[in-house]
Structures are given as structure tokens and as C-alpha cells.
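Here the structure comes first, spelled out in C-alpha cells, and everything after it is commentary.
The values are calculated or read from the model by the stated rules, or taken from the named source; none is laboratory data. The model shown is predicted, which means the values in this text are computed figures rather than measured ones. Cβ sites come from the backbone with ideal geometry, for glycine too, and all protein chains shown count toward neighbours. Ligands, DNA and RNA are excluded from the accessible area calculation, which covers all protein heavy atoms including side chains. Shrake-Rupley method; radii C 1.70, N 1.55, O 1.52, S 1.80 Å.
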Amino acid sequence: MAERVQLPHAKRLCCRPGYSSTCRQGQRAAWAPCGVSGATQGESSKTQSPETLLDTAARRVAEKWPFQRVEERFERIPEPVQRRIVYWSFPRSEQEICMYSSFNAGGEEIASSGESGDDTRLPFRRGIGLLESGCVDNVLQVGFHLSGTVRDPATSLEPEQVCNVSVSFDRCKITAVTCSCGNKDIFYCAHVVALSLYRIRKPEQVKLHLPISETLFQMNRDQLQKFVQYLITVHHTEVLPTAQKLADEILSQNSEINQIHGAPDPTAGASVDDENCWHLDEEQVQEQVKLFLSQGGYHGSGKQLNLLFSKVREMLKMRDSNGARMLTLITEQFMGDPRLVLWRQQGTTMTDKYRQLWDELGALWMCIVLNPHCKPEQKGFWLRQLRRWNRIDVCPLEDGNHGSELTNLTNALPQELLHKGITSVTNMDGWVGHPLDPIGTLFSTLMEMWQGSEDRVLDFSGKIMEHPVFQTQHFLEDGESFVSLAVETALIGLGQQRVMPDGLYAQEKVCRNEEQLLAKLQEVDLDDLLVKIFQKQAVFLLEAGPYSGLGELLYRESVPMHTFAKYLFTSLLPHDVELAYTIALRSMRLPVLESTAPSGDLSRPHHIVSVVPNRYPRWFTLSHIETQQCDLASTMLTAAKGDSRKLQTVLESIQKNIHSSSHIFKLAQDAFKIATLMDSLPDIILLKVSLELGLQVMRMTLSTLNWRRREMVRWLVTCATEVGVFALDSIMQSWLNLFTPTEATSVVASTVMSNSTIVRLHLDCHQQENLANSARTLALQCAMKDPQNCALSALTLCEKDHIAFETAYQIVLDAAATGMNYTQLFTIARYMEHRGYPMRAYKLATLAMTHLNLSYNQDTHPAINDVLWACALSHSLGKNELAAVIPLVVKSVKCATVLSDILRRCTLTTPGMVALHSRRNSGKLMSLDKAPLRQLLDATIGAYINTTHSRLTHISPRHYSEFIEFLSKARETFLMAQDGHIQFTQFIDNLKQIYKGKKKLMMLVRERFG
């Protein structure tokens, strides 16, 4: 990291001993030389000799004491002692350097080989590269200040650059850095890394001097004057104005500088009041977080913020005080995010990704305030700070339960149970889904301890080293291991009965955390010891009362145990079948969808109480939860194949606890697939379970809309076919409770009577006839109940049985007057003609005509084809039938074009050209001057006249040409009458007189018709 300003001045002043009797306590004393040469002594020794007592003591002092306190404590400090303290005050571990120069210290970045382009761009990796390439030079340590130059080799894009780097340090921490590269970032730049690692790896090559004030104290007046003058001469352009200003102030008796004893020394180390922490560029942290937030989740900003959070966690793990400091800076920027104001004004909620960032922010603050190593005054300061943020209006609320809204569970428990001593209640805020994730954290910690002795990691110099052995085995009792404790911890947490929190995001977090913890558990191989732990915990959860989500006492708002129970079931099944099924069956409950039992009712086997009796909880994740419940049931069905007792028990549990027809249908399909696997004979018991579930689906969806209903009905028939002919007969006998009349005829009965079903069941003639009789009976019952939709299907199904067919036809006739519309009747009429019953078709067509009404402008009505067909049928049957149908046509049809079409068709051929009952037709065409065609002709002319007047009422010029063509067709119809020419001329004259205002239109009429 490069600073944009120079290093700050030292916070404390240094002066000669005895300078004044009033010299304040804490001012530094400079001692006379002790005759020890300026060369470093023992800074680096490659021999294996033990460390000297001086180095041991200096090392400890350099870690813990500010140098000012050392000076205050001892009246005289020999120069060798000072040198060793200064020597050991520089950081000794590369881990901290890495932490402040890359996002993931000690993680993937460090373990990688360095060949990745991303890794090589990291400041820490680049710094190592510069160091190993010999780019660090002119390294000098003066007291608590390190300086040097780092050469950045030329690239194809940039020339070679030499950077001046300086580092201040105190108590093994870098407290300030500066680099001339001008880089601006949160972390140290590669040049600072290179210089720091040079000092750590090659301390013997660094020339070490005592603080500059010590050297000045050893000079006489002439030496001091020469020193100052040479310094000004070398740097006169930079320091001359400052030097003159300081000289003027020193020569002035009343100046402020003369009122202070001593002078600042940037190389003299820290004072007692200085905070001992690593250098962190607060301004850059604020700028970076502000930039990431302004991007609104785009360009990987969420990932960058999560990396910053990871850095805070890393600092907390290292007990670095900058963790809280950095989190404070991040929080200030989050609180200042303008989107919070906007969302509050609009009344909208923050996005899920943004909510996750706030959750991480809150979790980190809880880690800080719960840190047992923090002092009470620190916690008090953070608490005041958190309260200040909380008072800000835009501070978002936590998406979870609010304690003031929830009654204590103890008050909701049945009093009889309390009198029996069952008084332990669950925690309202569960451990799984908690912001701190205590169970997941403890599980991971114990697993890391278990795996620690086997893992090998890279140290920060890139060398392979053994992981340090954890000296914790003595905390374990006989038979315990870290993995057993980890598994037991996870089982306890997952089995805890806990309230489902309010809000979508909080509920999703509960589900997500549970699944993450189960995924970790599934990576553990179960041995005999772990199986015993599973059995012990399973029994405990079944008997633990209200603490347990698998106990008898359950409340409606409880987080379901389906996902956890599925894991327990599959884990226990190979070892303890009965316990596995007991756990799984107990966990099938979903009380949020059930009515609450009275608090005093103990007759039910599993008591359901409500923490909030008057509040129906809003579960946003209910669909996901029901899916998990379905998966658990499917797992049990699969495992129970071949065991009729267990299959029956699982079936009863499904029917009692699953309330979603879609999920029950899925279970029915799953059971069917398992029962009919290709590599084995069908499992008839499981098939019957599948059928029972299918029947339940039919009953549940009979009176409700379900887009998969038709698929469900077809599947049920297929399933019943696999079970056998008795199952098909059974569903037809009880069709009223399972199917609609349309489904029963068009799907059930039709499928039963199909050839594929007969072949599949291997039925003999007697069985075929019995099944067909049941299907026909079903069809007739459906036709009686819903003739509009079932009559045609019933006729089709009853074709081979004369009595049944006649019955179905009579049902149609009875319903034709009131219960059926013209479309349905025309359809059945066409069917009758197709089947060879033209007179029945004619009768149904005439009944259909009585329900029809075509107005003058409905010349594209879908029923026109049916009317033309009915007239053609009547014409083919004979004059009498045509004479009977024409009055119906005249009454029902007012559209002139349709009537004229019928009229022309009737005049083209002789009625009754088809032989009917051996009658022969005379072959004469019907006259237009006699009934029934005269009636039809008059109606057609009248329709043209009425339509013409209707169209002229609102006609526009763009329709004039179309209107003229319409009059041309009308003239053709008029001319079919004997006096048609006269009638049409009078009609045109009438139009000219009535509509003379429409001059242009009338002009067009005259041009065409005179």
C-alpha cells in the first residue's frame, strides 16, 4: 500500500539527559557510548548455539513494551541492549505481511504454485518475485524505521521503475508505510512487501543503526552544525524553506518550539500512549467499500465485499485489532449507502445479495463483541457505537423473529404436561440458521482438529512444513474423538426444535444452513462408534420432549425435520431398521398445515401447540419444505419395498401428513416405478400402495382446478391396469367420487375398452364382456349426469350393445330441449349420419336449429357450416323433410348471404335423390313460387333489404365499393323471383330517395344499377 502523504512525525519527543530538571517524564535520554562498536552483534547466526539471554529478553520486550516505557523503567540502557530491542522489534512472521498484501492469506493463493496469472498479480506474490529477483537494494534500518529501494523491472507496457520505500514499525507490527510508486489500494504494494520480506529473510544483510536521536546526542556542536549544513546542502531544494523556518523559531525566545523540551524523532519508536496496531489505510478502505456499494452488485462488487469480510475474519482469527477497526470503516460506508434511503422511501425491501452482505456484517460484529479476549472498555465502546448506528432511520431491521411479538412457549404448553414435569422448552432462535452459525462453526472446528495431524500446508516462504500438532487430546474422554464430537454436535443442533423465523430471507437461511451442515455430515464415513452415536442421539431426540423437533410435543411454528430425518433414516437403516422408520415416520409431521389441537387435548398421539395461537404463520419456503417432506416419504417407500407392514404404515403416514396433491401424485408415480422395475417381477403390494395414493389424488383434485388433472387420470388408469382387472372394475364402480363425467367417459371407459388394455390384461371373452358392461354402464351414468359433454362418448362406447345405444340416444333426446346447445346437437347429429342413422341425424339437426340464432352481420359464424349441412341432409331425405326444416332456418337465420347460399343449393338438385326406405323421387326440381322455397326466397330478399338499411346507417366511404358488390349479390337473389326485377328496381329507387344525402354513394349505385 502506498501512502499519499509522508510518514507522520513521531508522537514523542527525545532530549539529552539532564537537559532540564523540569524535563517531563517520558522524554528520552541518550546515553554515552559504552565502547561497543557500531557493528551488529549476533543479528543472524547460522550456528545451532542456544539463543543468548540478552536476545531472549530483548525478543520478549520488543513484542510487548513500547520503547518509551523501556526508557522510563531503566535509568541507563546499554547500547547493545538497545540494538537487540530495535533488532527484534521488526515483524518476524511473513503471515502478517501476506495478510496485509492479499485477500486470502494462507489460503489458496499461498498454496498455489504461483503459475496462475491471477496469483502472480497479487502484491504478496509480486513482492516475493521482486525479492527473489534481487530487486531490493540500499536497505537501511535506523531505529524503528526501515528504508530501501525496490526496482520494478521493465515490461512491454511500462519502463523500469525504482521505488523508494520506507517502513515504520513497533512491537513487531508495521505501523506506517510509504512508497513512491503512487499505488493506491487497501493493501500493501509489492514494493513494501519486498522490502519487508528482505528484512525478515535476510536480517544479517541489513545495516542497523540506533535511532537518529542517539547519533545526534553523541555529536558536539561543530559536528551538529556540519551535519545540519551538509543535510541542507544535499536536499536544499526540499528542506531549505523548512530549515529556515525552524531556525527562526528556535532563535525566537518566546516561540512555541522553545517551550517544549526535546525534539521529535521518527526513528525512536512508539510512545506509551500510541496504539499498537498494523498500518491500515482507512481512507482507501472507505473509498473501496463506497465504490463496491455504488456498483449495486455488478462487476463482482459483491464478491469483493465478501473478500473484505473474509479479511476481517482473518484479522479476528489473528487477534488483530484492525479487524474491528476495518469493520467499523466498512459499516460506516454501509450506513451511508444512498440505496437505504431510496428503499425506505419506496417501501421496498433490499435485494437478497445485499441482505446477505448485511447478515455477514452483523455476524462479524457479534464475533467482535463476544470476543473473550477483548477488554470491557472496548466492548463498551463498540456497544455505544452499535447503538448509535441502530438509531439511524435507514438502518435496516433484522429479518427474523421479534421477541416482543412471541409468547413464551411455556405458556402455550398443555398444563397436564407441565404438571408431569415436562418443563424444558426449546430456544425460540435455533442454533441452525442463527447468524453466528454456532453449530456449523463448532462442527468445522472439531473436524479441523481431527484432520489437523494429517494435513500438510505450505509456509509463507513456499516450503512444505508439517501442520502443528494440536495438543488437545487430553481434553477427550475414553472413546471420544474429535470427529465423534463433531458429529454429535451436528445431530444435537439439527434436532433442536426451533421457531421458523419471520421473513423470506430468514426462512431461506434456515433451510440453507441445514442443508450445508448435512452436506458436511455426509462427507463423514460412519464407523461403529459413529453409528452408536447416531442411535443414542436418535433415541434421545424421540424422548427429549419439547426440546426436540422429533419429540411428541410439537408446535405449529416449528421448523420441520424432514431433511434431517431423511439423513438419519438413510444412515440408520443398515444398522437399526426399526429406529430408522420410527424417526422418519415421526418427522413426517407438518403441523403448520394442520388445525391446532386444544391445549388440554391429550388424546392425539403427537400434541401440536402454537407459540402464537392467534397468528397463522406465513411460511415463504413452504413449497420447498413440502418437497423435502415428499422426498422423505419417497425414500421410505423405496426402502420398504417387499415389506407389506411397513408399506402400510408409510402409506398411512403419507395420507395423514402430506397435504399437497402434486406431491402425493409424485409419490404414487415413484412407487409405481419402483414396483415395476424391468429387472424384476412387479411388486403387487407396492403397486396397490401406488394405486391408493393415486385414488387419494383423484379425491383431492376432483373439485379443484389442477392443470395436471388429465395426466393424473390417465396415469391412474394405467396403474389400475397393472394391478389387475378388479382394480379397473373398482374405479369404474366408484367413479362418482374419483372422476368428472367427462373424465370417466373420455379417459377411463375409453381406455378400459381399448384393445391395448384387453391385450395387456390377457382377458378371456367372458372377462372382456363383463369389463365392457361396466364401462357402458359408467358411460350411461355419465351421460345422464352431464349429457352436454358425455352423450357423444356414451353413444360411441355403446355402439356394440343395441339396448345401451338406444338408451344413450334417448338420453340425448331428453336433454336436447334444455340441457344441450346447438353445437353439441349438431356434433351428435353428424355422428348419427356417419353411423348410418340419417333420420336420427335429421331429428337432432332440427332440434339444434331451434337453439340457433344468426343475425344479419354474422356471415362468418362457425355454425354456418352446420346449418348448410342440416339443409343438405334434409334436401337429401326428401321434400317433406326439407319443407319441415326451412321454417326453422327462416326463423333462426337472419344473415342474407347464408340464406341465399341455402336457396341456391336447394334449387340445384331435386330433393330426395338418395333412396330412403325404397321410395323413389319424381326427379322434378322444386318451384320457387311454391312452398317451401317461396318462404325461403321471401326471407332471403327481406334479409337483404334489412341488411342493406343496417349497413347504410353507419357506412364510411372506404366501404362503398364493398357495399356495391353486396347489392350485386342481392340483385341475383331478387331476380330468382318472377317479379324480382321490378322489386329490385323499386328497392334501388327507395335507396336513392332515402339516402340522397350520400351523394357519392348514390352516384356509384346509379352507375351500377341505373
Practice task
Give just the number: which of (1) among the charged types (D, E, K, R); (2) assigned to a helix (DSSP H, G or I); (3) farther than 30 Å from Ile186 by Cβ does Arg76 not satisfy?
Solution key: (2)
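Which ones in the range 158-179 are closer than 26 Å to Ala268 by Cβ and free of Cβ contacts under 8 Å to residues at least 40 places away in the same chain?
Within the range 158-179, the first condition is being closer than 26 Å to Ala268 by Cβ, and the residues that meet it are 163-179.
Result: Cys163, Asn164, Val165, Val167.
Would you point out which residue out of Leu357, Leu397, Leu364 is open to solvent by less than 30 Å² (accessible area, probe 1.4 Å) and closer than 20 Å to Arg339 by Cα? Reasoning before the result, please.
Values: Leu397 fails: open to solvent by less than 30 Å² (accessible area, probe 1.4 Å); Leu364 fails: closer than 20 Å to Arg339 by Cα.
One residue alone meets the criteria, Leu357.
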Exercise for the section: For Phe974, state whether it is hydrophobic (A, V, I, L, M, F, W, C), touching a Gly at 6+ places or on another chain (Cβ under 7 Å) and either under 27 Å from Val890 (Cβ atoms) or modelled with pLDDT of 90 or more (or both). Expected result: yes
Exercise for the section: Test each condition in (1) open to solvent by less than 20 Å² (accessible area, probe 1.4 Å); (2) under 27 Å from the mean Cα position of the chain (by Cα); (3) at pLDDT below 95 for Ala597 and report the one that comes out false. Expected result: (2)
Practice task
Go through the range 574-583 residue by residue and tally those that are crowded, with 17+ Cβ neighbours inside 10 Å and either closer than 17 Å to Leu529 by Cβ or of a type in the set (A, V, I, L, M, F, W, C) (or both).
Solution key: 4
Practice task
Inspect the range 763-771 for any residue being in a helix (DSSP H, G or I) and either within 19 Å of Ala884 (Cβ to Cβ) or at pLDDT 95 or above (or both) and give the result as yes or no.
Solution key: no
Problem - Enumeration of residues in the range 157-177 that are open to solvent by 20 Å² or more (accessible area, probe 1.4 Å), touching a strand residue (DSSP E or B) at 6+ places or on another chain (Cβ under 7 Å) and not acidic (Asp, Glu) - result: Gln161, Val162, Asn164, Thr175
Fill in the blank from the handout: Flagged in the range 476-503 as open to solvent by 30 Å² or more (accessible area, probe 1.4 Å) and assigned to a helix (DSSP H, G or I), in numbering order, are Leu485, Glu488, Ile492
Handout entry: Residue that is farthest from Glu594 (Cα to Cα), among those in the range 658-672 that are without any contact (Cβ under 8 Å) to a residue 40 or more places away in the chain and of a type outside the set (A, V, I, L, M)
Key = Asp670
Handout entry: Conditions (1) surrounded by 21 or more Cβ atoms within 10 Å (Cβ to Cβ); (2) part of a loop (DSSP other than H, G, I, E, B): number failed by Val812
Key = (2)
Completion exercise
Scanning the range 663-693 for residues that are at pLDDT 95 or above and of a type in the set (S, T, N, Q), the one most open to solvent (accessible area, probe 1.4 Å) turns out to be Gln669
Exercise for the section: Determine the pairs where a residue that is on the phi < 0 side of the Ramachandran plot, located within the range 51-71, has a partner that is open to solvent by less than 60 Å² (accessible area, probe 1.4 Å) and small (Gly, Ala, Ser) with Cβ atoms under 6 Å apart, the partner being 6 or more residues away or on another chain. Expected result: Ala62/Ser89; Pro66/Ala270; Phe67/Gly269; Gln68/Gly26; Gln68/Ser271
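Quick grid of which residues meet (1) over 19 Å from Asp786 (Cβ atoms); (2) open to solvent by 10 Å² or more (accessible area, probe 1.4 Å); (3) of a type in the set (Ser, Thr, Tyr):
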residue	(1), (2), (3)
Ala727	yes, no, no
Leu736	no, yes, no
Val748	no, no, no
Asn755	yes, yes, no
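Each row is one residue, and each column tells you yes or no for (1) closer than 19 Å to Glu204 by Cα; (2) touching a Phe, Trp or Tyr at 6+ places or on another chain (Cβ under 9 Å); (3) not acidic (Asp, Glu).
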{"residue": "Pro123", "(1), (2), (3)": "no, yes, yes"}
{"residue": "Asn138", "(1), (2), (3)": "yes, no, yes"}
{"residue": "Leu146", "(1), (2), (3)": "yes, yes, yes"}
{"residue": "Asp152", "(1), (2), (3)": "no, no, no"}
{"residue": "Ser156", "(1), (2), (3)": "no, no, yes"}
Fill in the blank from the handout: Result of the Cβ filter at 7 Å on the range 212-241, keeping first residues that are among the aromatic types (Phe, Trp, Tyr) and partners that are surrounded by 11 or more Cβ atoms within 10 Å (Cβ to Cβ) and modelled with pLDDT under 80, at least 6 apart or interchain, is Phe217/Arg16; Phe217/Ala30
Handout entry: Top-ranked residue of the range 334-354 - restricted to ones that are open to solvent by less than 30 Å² (accessible area, probe 1.4 Å) and closer than 16 Å to Leu308 by Cα, ranked as modelled with the lowest pLDDT
Key = Tyr354
Problem - Cross-chain or 6+ apart pairs with Cβ under 7 Å, the range 831-852 first and in contact (Cβ under 8 Å) with a residue 24 or more places away in the chain, then surrounded by 16 or more Cβ atoms within 10 Å (Cβ to Cβ) and not in a helix (DSSP H, G or I) - result: Leu852/Ala863
Handout entry: Matching residues in the range 513-530 - criterion: being closer than 17 Å to Gly430 by Cβ and open to solvent by 70 Å² or more (accessible area, probe 1.4 Å)
Key = Glu515, Gln516
Problem - Any hit, the range 504-512, residues being open to solvent by 20 Å² or more (accessible area, probe 1.4 Å) and hydroxyl-bearing (Ser, Thr, Tyr) - result: no
Practice task
Give the residues of the range 303-327 that are open to solvent by 20 Å² or more (accessible area, probe 1.4 Å), closer than 16 Å to Leu357 by Cβ and not charged (D, E, K, R), sorted by residue number.
Solution key: Gln304, Asn306, Leu307, Ser310
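Return the total of residues in the range 932-950 being part of a helix (DSSP H, G or I) and either modelled with pLDDT under 90 or hydroxyl-bearing (Ser, Thr, Tyr) (or both). Spell out how you get there, then give the answer.
Just the residues of the range 932-950 that are part of a helix (DSSP H, G or I), to begin with: 933-950.
From what's left, either modelled with pLDDT under 90 or hydroxyl-bearing (Ser, Thr, Tyr) (or both): 933, 940, 944, 947-948, 950.
Total satisfying the criteria: 6.
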Handout entry: Residue ID - surrounded by the fewest Cβ atoms within 10 Å (Cβ to Cβ), chosen from residues in the range 252-302 that are farther than 21 Å from Gly323 by Cβ and among the hydrophobic types (A, V, I, L, M, F, W, C)
Key = Ile257
Practice task
Please identify the pairs in which a residue from the range 514-536 that is within 11 Å of Ser571 (Cα to Cα) and aromatic (Phe, Trp, Tyr) has its Cβ atom under 7 Å from the Cβ atom of a residue that is in a helix (DSSP H, G or I) and open to solvent by 10 Å² or more (accessible area, probe 1.4 Å), counting only partners at least 6 apart or on another chain.
Solution key: Phe534/Ser571
